[in-house]
Amino acid sequence: MNNKELALIYVWDAYCGWCYGFSKSLQAFHENHPELPLTVLSGGLFVGHKKLPIASFSHIPEGNKRISQLTGAEFGTPYQTLLEEGTFVMDSEAAAKGFSALRFLAPERAYYLASSMQRAFYYEGKSLSDPATYREIATANNLDPEAVLARFEEIISTEDAHTDFAKVQLLGVQSYPTLLLQKGDEFIGLGGGVMTVEKIEARLESVIS
């Protein structure tokens with residue numbers, strides 16, 4: 001099959017620690033394959049009845065230790081403080097709106113903008129519901145911060161977030177991170193979680209050969 005018929009879909013959630021841990025492997029893989037277009041979709045992990053204070057999820061501290069051990073990801077002191085205080089509410093819809101606003105301004109850099117959001121939360125302890133966070137991310141990525149904030153406040157960003165959630169459901173993805181290869185009408189899992197770039201490469205080779 002011609003590589004022009006292949007594309008990547010990455011399903012993530014801004015408040016998913018395993019996605020944060022997977023980011024280095026995914027970045028290396030993405031940079032190894034400029035010929036494969038990459039679409040990044042927000043999954044909607046903490047929405048509806050799951051939009052609760054972080055202390056409600058007792059598995060998170062132990063999960064973070066495993067993520068660090070297995071991927072080398074670093075969780076910053078400001079984030080650890082949020083975790084210990086326990087009152088911070090992870091709102092995946094607000095984060096998906098913010099991602100939509102950033103992605104709209106620079107769709108070709110969607111993955112890097114997603115990565116910037118995760119660093120803002122997991123390392124710097126910043127809320128992904130706070131417009132000020134997107135102002136900083138936009139500025140750091142040479143995007144017009146006023147344009148990003150205007151988009152964030154518009155109803156279109158909420159509609160975009162819900163469209164992402166619906167696409168993810170149609171794909172049948174139920175865990176994050178998930179990297180898919182679109183091959184014609186087929187969607188093939190390439191990996192996620194703690195997979196190294198070498199393992200993703202081997203998986204790609206096995207499904208396109």
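Key figures
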read-out	value
Relative packing of 70-76, 102-108, which averages over residues the other C-beta atoms within 10 Å, highest first	102-108, 70-76
Fraction of antiparallel bridges per DSSP, the chain only, in percent to nearest 5	70
Of all accessible heavy-atom area on region 1-61, the percent that carbon and sulfur account for (1.4 Å)	56
Calculated log₁₀ intensity ratio I(q)/I(0) where the Debye formula runs over C-alpha points of region 102-195, q = 0.11, 0.12 Å⁻¹	-0.40, -0.47
In sequence order, calculated HN-Hα J values of region 48-55 (Karplus, 6.51, -1.76, 1.60; Hz; x Gly/Pro)	x, 6, 8, 7, 10, x, 4, 5
Per-residue ³J(HN,Hα) for region 29-36, Karplus 6.51 cos²θ - 1.76 cosθ + 1.60, θ = phi - 60°, Hz, x for Gly and Pro	5, 4, 6, 6, 10, x, 7, 9
Surrounding net charge for Val47, when Lys and Arg each add one and Asp and Glu each subtract one, Cβ distance under 13 Å	-1
Per-peptide average of other Cβ atoms within 10 Å, ordering 52-63, 113-124, 33-44, 82-93 highest first	113-124, 33-44, 82-93, 52-63
Cα-based helix-to-principal-axis angle, 92-105 vs the chain, degrees rounded to 10	60
Normalised per residue, the volume of the convex hull around the Cα set of the chain (Å³)	116
Point-to-point label distance, Gln174-Val89, nm (Cα→Cβ direction, 7 Å offset)	2.8
Distant-in-sequence amide H partners of Val40 (H built 1.01 Å from N, under 5 Å)	Tyr10
For region 8-37 versus region 62-130, the gap between their alpha-carbon centres in whole angstrom	14
Convex hull per residue volume in Å³, alpha carbons only, for region 25-117	112
Percent RCO, i.e. relative contact order, over the chain, from Cα pairs under 8 Å lying at least 6 residues apart	31
From phi via Karplus (6.51, -1.76, 1.60), per-residue ³J(HN,Hα) for region 67-81 in Hz, x at Gly/Pro	4, 4, 5, 8, 10, x, 5, 9, 9, x, 4, x, 5, 4, 5
Relative contact order (%) - criterion: Cα under 8 Å, at least six apart; region: region 12-113	37
Cross-link pairs Lys24/Lys65; Lys126/Lys167; Lys51/Lys183; Lys65/Lys199; Lys97/Lys126; Lys50/Lys126 - those with Cα-Cα distance over 26 Å	Lys126/Lys167; Lys51/Lys183
Helix 197-208 axis, angle to the chain major axis (alpha carbon atoms, nearest 10°)	40
Percent accessible area from carbon and sulfur atoms, region 88-209, protein chains only, probe 1.4 Å	52
For the chain, accessible area per residue (1.4 Å probe, heavy atoms of protein chains only), Å²	49
Angle in degrees between helix 155-171 and the longest Cα principal axis of the chain, rounded to the nearest 10	50
Mean Cα-pair separation over length for region 105-204, i.e. relative contact order, pairs under 8 Å, 6 or more apart, %	13
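The values are calculated or read from the model by the stated rules, or taken from the named source; none is laboratory data. Note that this is a predicted model, so its numbers are computed, not measured. Every residue, glycine as well, gets a Cβ built from its backbone with ideal geometry; the counts of neighbours run over all protein chains shown. Note: areas computed on protein heavy atoms with side chains; ligands, DNA, RNA excluded. Shrake-Rupley method; radii C 1.70, N 1.55, O 1.52, S 1.80 Å.
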